[in-house]
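Data block below; observations after.
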Ligand code: AMP
Ligand code: MG
């Protein structure tokens, strides 16, 4: 059995980045930049008023100011501001030459025709200076960044309308089990509804990949082999759930080897998820995930996600946050690292949720994260700091 940390290293070490492609900005969120993006302009591109008010000289704030004109966003100021002068200016407009500050309209009063006076006590500069955020020719964003909505705005303002990103991994999702029926069928007798299939498809999409749902294969070598062979044809990764344990009808590892996959591990010291299988054939990776839905969910979060993000070009590190646990917590066996669903209270305390085992998918309803209990650790005392990964 491989330790969890070693299994993670194996997965991370195996992943190769996919090719790159150009996409439209409107499709770039969730993708990973495959090249540095250089800004073709200063940001801001000109000295820009941050307020609605009057552009003037700080030296003149004590006296009357003559209003020489109005500058709105998009105007090119025609006149320089001289001593005792000011220009009415709108937010986003270019600050005229000669002015070194903008006073807020709220800090002014009329003082005769075409004249105002500063009524405030002091003023900030209220000018966003040309290039102060980013210089033309410098990197607006660097290769490898996972694009979130705020990055899309940076690309847009840097003039990058068609970013080059890595291709999204195509991920086949195959479930196994003679007892498994699709969700639109009411389970009779000994059937179990397929929750892993749609859960994995949703996890795949949330990780920025393209899912290919392959249905349910019955528990026979022939059926599993047929489904595996078809599933890998046009995909980069195959995720199979069920059929990886020690039962008489758990054929997945055998079938994968027969199909030519090299398996890097078949058991990991992690709870839930011990019978997790990971392997490769040429450019296709395969994960065999345990059938219970909490195990499948958890192993996707812990081991599949790092593979998918790396293939997508992103050097993913799961953000583990440390919080104090709000209760005493213990377990009887400590041979594996355990990940259990927890909530984090408003005051930052970690509370394990009621959890009946790895079929209890409902336990994840309100769970904020998964709490780690490392191998060898039997208990936490209230107040101990614990690692939690958000889910
Ligand atoms: P297995 O890993 O095939 O031994 O399955 C372990 C448990 O998970 C069994 O109780 C299965 O019925 C259940 N299971 C397997 N596949 C699924 C699935 N796709 N959706 C929900 N439960 C499943
Ligand atoms: Mg099964």
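Mind checking whether some residue in the stretch 378-386 is part of a strand (DSSP E or B) and either in the same structural domain as residue 289 (by TED's automatic domain parsing) or surrounded by 13 or more Cβ atoms within 10 Å (Cβ to Cβ) (or both)?
yes
Going by the conditions given, is residue 146 touching a helix residue (DSSP H, G or I) at 6+ places or on another chain (Cβ under 7 Å) and either surrounded by 16 or more Cβ atoms within 10 Å (Cβ to Cβ) or without any contact (Cβ under 8 Å) to a residue 40 or more places away in the chain (or both)?
no
Mind counting the residues in the stretch 5-59 that are at negative phi and in a loop (DSSP other than H, G, I, E, B)?
Count: 25.
Restricting attention to the stretch 201-226, report how many residues are more than 30 Å from residue 35 (Cα to Cα) and either away from ligand 1 (no atom under 12 Å from the Cβ) or surrounded by 18 or more Cβ atoms within 10 Å (Cβ to Cβ) (or both).
Adding up the residues that qualify gives 11.
For the stretch 231-255, which residues satisfy the criterion of being more than 10 Å from ligand 1 (Cβ to nearest atom), loosely packed, with under 15 Cβ neighbours inside 10 Å and free of Cβ contacts under 8 Å to residues at least 60 places away in the same chain?
Correct list: 233, 248, 254.
So, of the residues in the stretch 167-180 that are part of a loop (DSSP other than H, G, I, E, B) and in contact with a strand residue (DSSP E or B) (Cβ under 8 Å, 6 or more places away or on another chain), which turns out to be surrounded by the fewest Cβ atoms within 10 Å (Cβ to Cβ)?
The selected residue is 179.
Criterion first (buried (at least 24 other Cβ atoms within 10 Å of the Cβ) and in contact with a strand residue (DSSP E or B) (Cβ under 8 Å, 6 or more places away or on another chain)) does residue 304 satisfy it?
Here the answer is yes, as residue 304 does meet what is asked.
All but one of (1) within 11 Å of ligand 1 (Cβ to nearest atom); (2) farther than 16 Å from residue 200 by Cβ hold for residue 296, so report the exception by its number.
Of (1) within 11 Å of ligand 1 (Cβ to nearest atom); (2) farther than 16 Å from residue 200 by Cβ, only one is false for residue 296: (2).
Tell me, yes or no, whether the stretch 181-200 has at least one residue that is under 26 Å from residue 297 (Cα atoms), touching a strand residue (DSSP E or B) at 6+ places or on another chain (Cβ under 8 Å), in the same structural domain as residue 32 (by TED's automatic domain parsing) and surrounded by 17 or more Cβ atoms within 10 Å (Cβ to Cβ).
No, the stretch 181-200 has no match at all.
Would you be able to say whether some residue in the stretch 196-215 is closer than 18 Å to residue 290 by Cα and in a loop (DSSP other than H, G, I, E, B)?
Within the stretch 196-215 (the criterion being closer than 18 Å to residue 290 by Cα and in a loop (DSSP other than H, G, I, E, B)), the answer is no, since none of the residues qualifies.
The values are calculated or read from the model by the stated rules, or taken from the named source; none is laboratory data. Note that the structure is predicted; figures quoted are calculated from it, not measured. With ideal geometry, Cβ positions are generated from the backbone for all residues, glycine too; neighbour counts draw on all protein chains shown.
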